[in-house]
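Novice: Just passing along the structure, written as structure tokens.
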Amino acid sequence: MTAILIYLGIFLVKMIEVSIATVRIVLITKEERVKAGIIAFFEVLIWITVVSVVLDGITEDPLKAVVYAL
């Protein structure tokens, strides 16, 4: 059961990260670079956290990488 929650968490956080990236790109096109830079900081923090969860024990549970790639 915990594996399913980890997969769901990876998927949901990845969706949030992609949404934040979209907002950041919109802000860049509107020339609001300071706001985009702040958002980029948090986007990278989220990315580092998710990738560390995915890579932790990847040999025992390669399905984490598949869920991340969705």
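Every number in this text was worked out from the coordinates using simple rules, so none of it is lab data. Owing to the predicted nature of the structure, the values given are computational and were not obtained by experimental measurement. Quick reminder, even Gly has a Cβ in these numbers, built from the backbone with ideal geometry, and neighbours come from all protein chains shown.
Novice: With only Lys, Arg, Asp and Glu charged, each at its Cβ (+1 for the first two, -1 for the last two), find how big the charge dipole of the chain is about the Cα centre; round to the nearest 20 debye.
Specialist: I would put it at about 280 debye.
Novice: Separation between the Ile4 and Ser52 pseudo-spin-labels, each 7 Å from Cα along Cα→Cβ, expressed in nm?
Specialist: For Ile4 paired with Ser52, the spin-label model returns 2.8 nm.
Novice: Per 0.36 nm of contour for each residue apart, how much would the distance between Lys30 and Val67 grow if the chain were fully extended, relative to their Cα-Cα spacing? Can you show the working numbers first?
Specialist: Values: separation 37, 0.36 × 37 = 13.32 nm, distance 3.28 nm.
Here the segment from Lys30 to Val67 would lengthen by 10.0 nm.
Novice: What distance in nm separates the simple spin-label points at Phe42 and Val23, each placed 7 Å from Cα in the Cβ direction?
Specialist: 0.5
Novice: Something else now. How far, in degrees from 0 to 90, does helix 2-29 lean away from the longest principal axis of the Cα atoms of the chain, to the nearest 10?
Specialist: Approximately 10 degrees, to the nearest ten.
Novice: Follow-up. With runs of 4+ DSSP H residues as the only contributors, calculate the mean residue ellipticity of the chain at 222 nm using -39,500 (n - 2.57) per run, divided by the residue total and rounded to the nearest 500. Let's see the in-between values first.
Specialist: Values: 3 runs with 58 residues, N = 70.
Result for the chain: -28500 deg cm²/dmol, rounded to the nearest 500.
Novice: Roughly how tilted is helix 33-55, in degrees to the nearest 10 and between 0 and 90, from the longest Cα axis of the chain?
Specialist: Approximately 10 degrees, to the nearest ten.
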